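Everything on this sheet refers to the single structure shown next.
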Amino acid sequence: MHYIFLLNHFAEKKRLGATVTAIYELKERLGDNVHIHETEYAGHAGALSVQYADLYESDAIIFSCGGDGTAHEVANAIAFRRTAMCVIPMGTGNDFARCVLSPKLYANPQEILRYIDKLEIRPIDLIRVDSYDAVGKHLPLWSRYSINITSFGLDTMVQSKAKRIVTAAAHWSLIRKQSYLIAVIFSLIQGWNFKMRYSFELADEKRSIDGEKRYCLASICNGQYYGNGFHPAPMAILDDGILEVCIADDISRWDFIRMVSKYKKGTHINHPKIHMYRVTSGVISSKDSHLQLSGNYEGEDFFGHQVRFEVIPKALMFAFIRDEENEPQS
C-alpha cells in the first residue's frame, strides 16, 4: 500500500510540525511507499490526488493534511475512483474530521500515524451540488461534490467573513482561532434578509414537499459538523444514502443569540423555529430574481440563482481508523 500525504501550505503550524515529524518517521519505516508533498497553489491537492489515483488505484490512500477545503478538493478529485482518502486535521475548522475521528485523534492528529496498519476502507456518500443562473443555465464553476455540509444564509455569511479574518490575521494565531466567533459578532451587527423557495424529495415518506420561507440558516448535511464545531445535523450518517436538511426560520438577533448555543451543541432539533428534513434530493432557489443565493461547501464559496442537490451513495472510498479506543464515526 502507498500512503500519500498532501500537506496544505497554510496548515496550522503547531499541528503541522508534530504531524510532519510523525510522517517522516513513517517514511523511515516504510521507505518509498510513503509519498510527501506540500501543496503549492489552489487545486494542487486535487491534481496530485488524480496523479496518484491513476498510478496506484486501490493500492493507495491519500491523506488530506489540512482543513475542510483540502478534504473537499481531494474528495472531488477521486470521487468514484478506487483510491481511498483519509483526513489529518491541520486546518482552521477541521469539521469533516470531527465526523470521522475520535476526539482523541482529532486533538492529536500525529497519533493517526500509529494506526496506519488498522485502516478500514469502505465507501461513503457525497452530495452533488449543481448551480444554475436565473435563466436556467448550468454554472460548472460553482457545481461540485460536497463531502460534508453545503449551507446557505447566515452560516455562509459568517464563513465568508471568517475566511477574510483568517487571511488578514495571518500572523495572529489567537485571532485566527477566534475567527468564527468574531465573524458571528460582525454578522449579527450587520443583520440579514434571506428568502428561498424549496422542493425536497423526502427519504422516508417517498414524496416531495415544497414551499417558500424566510430563513436565517439552511444546511444540507452529509456529515454532522461545520463552522468550527457547530452541530446542525446530529443524526447525519455518512453512508446511509440520506441527507439531513436543517432550516432555521428567520428570527431576531436576540432569538438567534439564545438559540446559537443549542445549534452549537446539536440540541436545537426540537426548537419551534428549526425544521429538519431527511431527503435524497432537492432544489433551493432565490425568491428574488435579481439576487443569487450565496452558499458554501466545506468553506468554499459558490453562487447561483437555483441550486439542485442530491445524495450520491457510496461515491467515495474512505479509510476509517479502527482500534479498541477509536471507532470510526460513520
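So if R0 is 41 Å, what FRET efficiency would Ile121 and Trp254 give, r being the distance between their Cβ atoms, rounded to the nearest 0.05?
Result of the calculation: an efficiency of 0.30.
Could you tell me what percent of the accessible area of the range 123-188 is made up of carbon and sulfur, with a 1.4 Å probe and every protein chain present?
66 percent
With the contact rule set at Cα under 8 Å and sequence spacing of 6 or more, what percent relative contact order holds for the range 57-124?
31 percent
Among Ile116, Tyr56, Gly282, whose Cα projects farthest towards the positive end of the dipole of the chain, with charges put on the beta-carbon of Lys, Arg (+1) and Asp, Glu (-1)?
Gly282
Taking 0.36 nm per residue of sequence separation and subtracting the Cα-Cα distance, how much length would be gained by fully extending the chain between Ile189 and Asp288, in nm to one decimal?
33.3 nm
Of all accessible surface on the range 1-92 at a 1.4 Å probe, what whole percent is carbon and sulfur?
Heavy-atom surface of the range 1-92 belonging to carbon and sulfur, 1.4 Å probe: 51 percent.
So if I place +1 on the C-beta of Lys and Arg and -1 on the C-beta of Asp and Glu, and nothing else carries charge, what would the dipole magnitude of the chain be about its Cα centre? I want it in debye, nearest 20.
Its charge dipole is roughly 1080 debye.
Placing +1 at every Lys and Arg Cβ and -1 at every Asp and Glu Cβ, with all other atoms neutral, what dipole size does the range 274-313 have around its Cα centre, in debye to the nearest 20?
The dipole of the range 274-313 has a size of about 240 debye.
Pull out the extension gain between Ile36 and Glu57, defined as 0.36 nm times the separation in residues minus the alpha carbon to alpha carbon distance; nm, one decimal.
Difference between extended and current length: 5.8 nm.
Quick check on packing: order 16-26, 248-258 by the mean number of other C-beta atoms within 10 Å, highest mean leading.
Descending mean neighbour count gives 16-26, 248-258.
Run through the range 167-220 and list the trypsin sites (Lys or Arg not before Pro) located in a DSSP loop whose Cβ has at most 11 other Cβ atoms within 10 Å.
For trypsin sites (Lys or Arg not before Pro) across the range 167-220 that sit outside H, G, I, E and B with at most 11 neighbouring Cβ atoms in 10 Å, the list reads Lys206, Arg207.
Going through the range 205-263, which GluC sites (Glu not before Pro) have at most 12 other Cβ atoms within 10 Å and a DSSP loop state?
Glu205
With a 1.4 Å probe and all protein chains left in place, how much accessible area per residue does the chain have, in Å²?
45 Å²
Relative contact order for the chain: what is it in percent, counting Cα pairs under 8 Å that are at least 6 residues apart?
So the answer I get is 22 percent.
The values are calculated or read from the model by the stated rules, or taken from the named source; none is laboratory data. Since the model is a prediction, treat every value here as computed from it, not as a measurement. Positions of Cβ are backbone-derived with ideal geometry, glycine not excepted, and every protein chain shown enters the neighbour counts. Just the protein is used for accessible areas: all its heavy atoms, side chains included, with ligands, DNA and RNA removed. Shrake-Rupley method; radii C 1.70, N 1.55, O 1.52, S 1.80 Å.
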